[in-house]
Amino acid sequence: MDSLKTKIIVWYRRAKNAWPFFSFLKPGKQSQEEIDRKLVYNLAPRKIPNRDQMKHLNKFLNPREFLVIKICLLVILVNAVYLGISFIKKHLTYLPVSGGSYNEGLVGYPKTINPLYAVNRDVDSDLSSLIYSSLVKYDENGSLVNDLADQIDISANGKEYLVKVKSNILWHNGEKLTIDDILFTFDLIKNADYRSPLRSSLSIAEAERVDDNSIKFVLSEPYAPFLELLTFGVLPKSLWNEVSPSAAILSDLNLKPIGSGPYKFRSLIKSKMGDLKEYHLVVNEDYYGNKPYIKNLNFDFFADRQEALRALNDKQIDGLSYLPWESRKDVLAQNSLHFYELDQPQLVALFFNQEKNKALSEKIVRVALAKALDKRQLISEVFNNIYPLADSPLLATSPAYNNGVTRYDYDPVVAAETLRNKKLAVTLSVVDAGSNGIVADKIKKYWEAVGVSVTIKTVSSEQAANLVKNRDFDILLYGESIGGDPDVYAFWHSSQIGTKGLNLAGYNNSEVDKLLLEARVATTSNERIAKYQKFQEIVTTDLPAIFLYSPTYTYLQSKSVKGFASTIIIEPADRFSGVANWYIKTNKKLTW
């Protein structure tokens with residue numbers, strides 16, 4: 001550097017006498033050092049020092065200047081890193097890709113993975129929903145959408161349903177699914193010899209082939225919830241045609257099924273005792289819908305909930321089908337799991353038996369008992385505000401829910417005043433399951449605080465059937481599954497009073513009967529909703545029951561699994577409604 005500087009100065013001193021061009025560099029009052037610096041600066045080919053020159057920076061700067069430059073460089077570096085990270089976060093996308101395995105634990109063992117029989121057992125229904133397809137199905141928001149069906153046209157009188165089926169659908173064995181398979185399955189369900197639990201619900205309809213792509217269902221009378229009945233899985237005629245009714249439930253196809261759903265049977269593992277221990281599904285590469293990302297779905301079966309929880313805590317499984325509220329505390333490493341609280345059409349209520357305890361036939365008594373309960377506090381203390389409050393025979397998630405129903409706010413002073421001279425004594429019956437006992441104890445305390453004598457009668461799950469059938473209770477704390485459609489005829493129509501019906505409160509109101517019947521045959525959605533909203537107004541005013549809360553379905557899944565988006569399920573198997581969107585493996589991609 002010094003030798004270069006010397007050469008430039010010598011060259012300059014010779015040149016300034018030769019060419020007038022350099023006259024602007026006359027020293028004047030400037031020092032020779034300043035002149036030399038300007039000369040070097042003007043003649044240097046680069047304005048920015050190179051790496052070798054930077055090494056000599058400390059020779060030209062004092063310590064303070066050198067420190068400032070280092071601080072500035074550090075700030076620039078930090079900002080560059082920050083901007084780079086921010087850019088990556090904003091523009092780096094993790095895209096799901098195919099692959100991976102998901103292992104879920106189920107309590108119980110499959111017996112008949114067959115749409116004809118699976119509806120009565122959750123484990124069978126779970127697997128059946130993944131293996132078989134249906135004309136319509138429930139989506140992640142609990143709404144009915146087309147599955148095998150491409151288009152559905154309903155006649156003006158509500159009696160005919162013309163279903164056009166998607167083409168080029170293949171069974172897992174490569175054969176083509178046809179209209180004949182759908183007709184065949186429908187006929188098996190309706191055949192009494194096969195003893196399908198779906199038979200009674202589909203008895204109102206007949207099915208006929210229209211053409212190679214269409215089938216028509218003809219109802220004996222309009223029935224607005226009919227589409228909900230078309231969620232049954234379709235069987236392949238070529239495989240089941242030779243199976244007799246007596247052999248159907250024993251067929252090997254019940255455990256090694258052939259369907260057309262998003263996953264197909266791969267293998268199973270049995271214990272030495274012959275019980276199923278594991279069941280393995282693999283993605284259906286020929287699936288007509290959105291093909292799932294996760295390649296393998298594996299299910300491990302456990303004798304009870306405690307055994308399943310141990311497997312979850314030991315990380316032997318990635319998910320658990322259902323977790324009762326009282327078992328949440330037993331889950332370890334909760335931060336590594338998603339606790340999905342799925343709304344479901346279940347309703348827990350206190351049903352009054354006005355025939356058995358005549359004091360309950362007075363509406364003012366029932367209203368006082370309702371006002372004596374702080375439902376919000378009960379839900380907060382027992383269920384940590386997870387369970388939604390209920391105040392109607394239809395839940396807030398129903399499209400027919402009436403937000404303007406009669407409500408009975410907590411008012412223990414008014415309740416105590418009403419019951420002061422009644423000397424009311426009641427027996428509160430409760431099934432010994434889940435958190436029912438805790439809820440019953442809190443209700444007892446609320447009512448005793450306003451002067452009611454309360455005796456709790458706890459019965460086993462086995463005894464509950466007779467208790468309900470014979471209506472052997474004063475007040476019953478009980479949960480009902482009311483279904484995805486707002487049709488609650490079975491629970492509140494007077495024809496359902498008695499040992500064979502589900503009208504637990506023995507409720508009898510002619511106007512309600514009329515509304516429930518008319519809503520069933522209504523041909524427009526608005527008409528149905530209007531009738532169900534009026535029905536709710538009447539029931540909540542009459543108060544044959546105190547509606548408490550709706551239990552959620554707690555589904556556990558490892559955080560390594562992404563894409564779960566369900567919010568509402570009608571049946572437990574509906575948690576798989578969005579299985580095609582679940583993923584484990586990802587690829588990184590920068591987007592602009």
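What to note about this one:
- Phi to ³J(HN,Hα) by Karplus 6.51 cos²θ - 1.76 cosθ + 1.60 over region 316-325, Hz, x for Gly, Pro: 7, 10, 9, x, 9, 4, 7, 10, x, 4
- In terms of packing, defined here as the mean over residues of other Cβ atoms within 10 angstrom, the peptides 569-579, 125-135 line up highest first as 125-135, 569-579.
- Working ranking of peptides 69-78, 383-392, 334-343 by packing, defined as the average number of other Cβ atoms within 10 Å per residue, highest first, is 383-392, 334-343, 69-78.
- C-alpha long axis of helix 63-91 to longest principal axis of the chain, angle in °: 30 degrees
- Difference of contour (0.36 nm per residue) and Cα-Cα distance, residue 218 to residue 355: 45.2 nm
- Using the Cβ-Cβ distance between residue 314 and residue 425 with R0 = 51 Å, the FRET efficiency computed as 1/(1 + (r/R0)^6) comes to roughly 0.50.
- J(HN,Hα) series, region 434-440, from Karplus relation 6.51 cos²θ - 1.76 cosθ + 1.60, nearest Hz, glycine and proline x: x, 9, 4, x, 5, 4, 4
- In the chain, the longest principal axis of the Cα atoms and the axis of helix 2-18 are about 60 degrees apart.
- Around residue 471: net Lys/Arg minus Asp/Glu count, Cβ-Cβ under 13 Å: 0
- Using a Förster distance of 60 Å, the FRET efficiency for residue 565-residue 73 (Cβ separation, nearest 0.05): 0.80
- What the Cα atoms of region 147-191 give is an Rg and a Dmax of 12.7, 40 Å.
- For the pair residue 455 and residue 511 in one chain, pulling the backbone fully straight at 0.36 nm per residue adds 16.7 nm over the alpha carbon distance.
- Residue 249/residue 413 FRET efficiency (R0 45 Å; Cβ-Cβ; nearest 0.05): 0.15
- Using alpha carbons only: equivalent-ellipsoid semi-axes of region 462-592, gyration tensor based, whole Å: 40, 21, 12
- Entry note: region 346-549 has Rg to Rh equal to 0.95, where both radii use alpha-carbon atoms and Rh is the Kirkwood radius.
- Angle between the chain longest axis and helix 179-190 axis [Cα atoms, degrees, rounded to 10]: 40 degrees
- Cα-Cα pairs of region 176-328 separated by more than 29 Å (percent): 37 percent
- Using the rule -39500 (n - 2.57) for each DSSP H run of four or more residues, divided by the residues of the chain, the 222 nm mean residue ellipticity is -9500 deg cm²/dmol.
- In the chain, one over the average inverse separation of all distinct C-alpha pairs is 29.6 Å, which is the Kirkwood hydrodynamic radius.
- Under a 5 Å amide H cut-off, with hydrogens placed 1.01 Å from N, residue 338 pairs with 557, 558, 559 among residues at least 5 apart or on other chains.
Values in this text are rule-based calculations from the coordinates and carry no lab data. Bear in mind the structure is a predicted one, so any value in this text is a computation, not a measurement. As a convention, Cβ positions derive from the backbone with ideal geometry for all residues, glycine included, and neighbour counts pool all protein chains shown.
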